[in-house]
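To start, the structure under review is shown below, and the notes come after it.
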Amino acid sequence: MPEALTEAELEFLRSMFDLARAGRTEELAAALDAGVPANLANDAGDTLLILAAYHDHPDTVLALLERGADTGRINDRGQTALGAAVFRRSTESVTHLLSAGADPALGPRSALQIAQFFDLPEMLTLLRQG
């Protein structure tokens, strides 16, 4: 049976979510390169990639994708990183995610549904072209 993480280790992992939210790409990339999982998720199912996309940090999104972040992860609210990027109208993040194979129709709150619901024609066009 694996050993439980210490409180210090747990706090370190929680700090990774703050780096993703803040777009502190270099620090997050260094932690990932040192072994932090690219698909680390919090208790709401938000991955580092979902948080970086939601907070509109395309450079962080790209760094996570380059390190193997899964574009197909869905959080507990049915949202994906692509849906988050569409909601934020981040053309650059959407482009990175589509180039990495993100599925615009994935999830109960898909990126396509978000673009339609919020009447984002430029995002809908980008998703259909991607």
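Within the bounds of region 100-108, is there any residue that is more than 12 Å from the chain's Cα centre (by Cα) and within 23 Å of Glu9 (Cα to Cα)? Taking every residue of region 100-108 in turn, none turns out to be more than 12 Å from the chain's Cα centre (by Cα) and within 23 Å of Glu9 (Cα to Cα).
Scanning region 22-43 for residues that are in a loop (DSSP other than H, G, I, E, B) and of a type outside the set (A, V, I, L, M) yields Gly23, Arg24, Gly35, Pro37, Asn39, Asn42, Asp43. Scanning region 87-114 for residues that are touching a Pro at 6+ places or on another chain (Cβ under 8 Å), aliphatic (A, V, I, L, M) and crowded, with 24+ Cβ neighbours inside 10 Å yields one hit, Ala111. Kindly establish whether Gly78 is in contact (Cβ under 8 Å) with a residue 12 or more places away in the chain, surrounded by fewer than 18 Cβ atoms within 10 Å (Cβ to Cβ) and touching a Pro at 6+ places or on another chain (Cβ under 6 Å). Yes: the conditions hold for Gly78.
Every listed requirement among (1) assigned to a helix (DSSP H, G or I); (2) crowded, with 24+ Cβ neighbours inside 10 Å is met by Ala69 save one, (1). The set of residues from region 1-21 being of a type outside the set (Gly, Ala, Ser) and part of a helix (DSSP H, G or I) comprises Glu7, Glu9, Leu10, Glu11, Phe12, Leu13, Arg14, Met16, Phe17, Asp18, Leu19, Arg21.
The set of residues from region 44-66 being in contact with a helix residue (DSSP H, G or I) (Cβ under 9 Å, 6 or more places away or on another chain), assigned to a loop (DSSP other than H, G, I, E, B) and either crowded, with 21+ Cβ neighbours inside 10 Å or of a type in the set (A, V, I, L, M) (or both) comprises Asp46, His57. Screening region 72-130 for residues that are of a type in the set (Ser, Thr, Tyr) and assigned to a helix (DSSP H, G or I) and picking the one that is farthest from Ala20 (Cα to Cα) gives Thr125.
Read-outs: derived from the displayed coordinates by stated rules, not from any lab. This one's a predicted model, so the numbers in the text were calculated from it and none came from an experiment. Every residue, glycine among them, receives a Cβ derived from its backbone with ideal geometry; neighbour counts consider all protein chains shown.
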